[in-house]
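Shown next, in structure tokens, is the structure this report addresses.
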Amino acid sequence: MKFLGTAGRVFDKAIDALLVASGLIVFIQAIWVSEDVIVRKAAGWTWAPSFELLTYSLVWMTFLGVTAIYRDRGHVVMEAIVQRLPARAQNMISLITTIACSGLTAFLLFFTARLTVRDIQTHFILATILNPPKWPIEIVIPFTFLLLFIQTLRHIGFYYRAYRTGERIISGEQQSI
């Protein structure tokens, strides 16, 4: 169990680092868009690849931050309905839905990893202004599904322990699981 505790702390630190990277991307996007609008209005000029690069950064920003939100249970839940149930029933519903999410993330991990590998092997190039290879843009997607799959396994253990003890779990608690 000591190994799992250490691995969990290392995983949490990695997720925190990815959340910081996601926040930095948001900060850069805000400055970039503001600068682009000012230059376009003042000089009537814009850098053509700007929109494309901002689109790619939106993908990375979203996928880098999502695991931290899921880890902290900050996602939308069925709290309005489930809140009225006893603690054990709430935990059972959370356990069942988390098991379903685990299966879904495993499937999406397999599917997106297979697609990314195929794009690497075929040297797939996007038909856009920059003509970049597709895989550097999409590699974050299977990586995130791997992290989400690991996090669902952690949540399964958490909800199972809560179900066994009958402990009431408050949605959105900011505690490490």
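At-a-glance table
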| read-out | value |
| --- | --- |
| The one condition in (1) closer than 21 Å to R9 by Cα; (2) aliphatic (A, V, I, L, M); (3) free of Cβ contacts under 8 Å to residues at least 12 places away in the same chain that A127 fails to fulfil | (1) |
| Criterion: buried (at least 19 other Cβ atoms within 10 Å of the Cβ) and either free of Cβ contacts under 8 Å to residues at least 60 places away in the same chain or in contact with a Pro (Cβ under 7 Å, 6 or more places away or on another chain) (or both) - qualifying residue of P136, P142 | P142 |
| Tabulated pairs, the range 148-163, first over 16 Å from R88 (Cβ atoms), second among the basic types (K, R), C-beta under 7 angstrom, 6+ apart or interchain | Q151/R71 |
| The range 41-61: number of residues that are farther than 17 Å from A127 by Cβ and free of Cβ contacts under 8 Å to residues at least 40 places away in the same chain | 12 |
| Qualifying residue in the range 43-52 (condition: in contact with a Phe, Trp or Tyr (Cβ under 7 Å, 6 or more places away or on another chain) and farther than 22 Å from P132 by Cα) | no |
| The range 1-51 - residue that is hydroxyl-bearing (S, T, Y) and more than 19 Å from D72 (Cβ to Cβ) and, of those, surrounded by the most Cβ atoms within 10 Å (Cβ to Cβ) | S50 |
| Meets criteria (acidic (D, E) and either surrounded by fewer than 14 Cβ atoms within 10 Å (Cβ to Cβ) or under 23 Å from the mean Cα position of the chain (by Cα) (or both)) for D72 | yes |
| Qualifying residues in the range 89-119 (those that are hydrophobic (A, V, I, L, M, F, W, C) and loosely packed, with under 15 Cβ neighbours inside 10 Å) - the one modelled with the lowest pLDDT | A89 |
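The values are calculated or read from the model by the stated rules, or taken from the named source; none is laboratory data. Everything numeric here is computed off the predicted structure, so don't read it as measured data. Don't worry about glycine lacking a Cβ; one is built from the backbone with ideal geometry, like all the others, and counts go over all protein chains shown.
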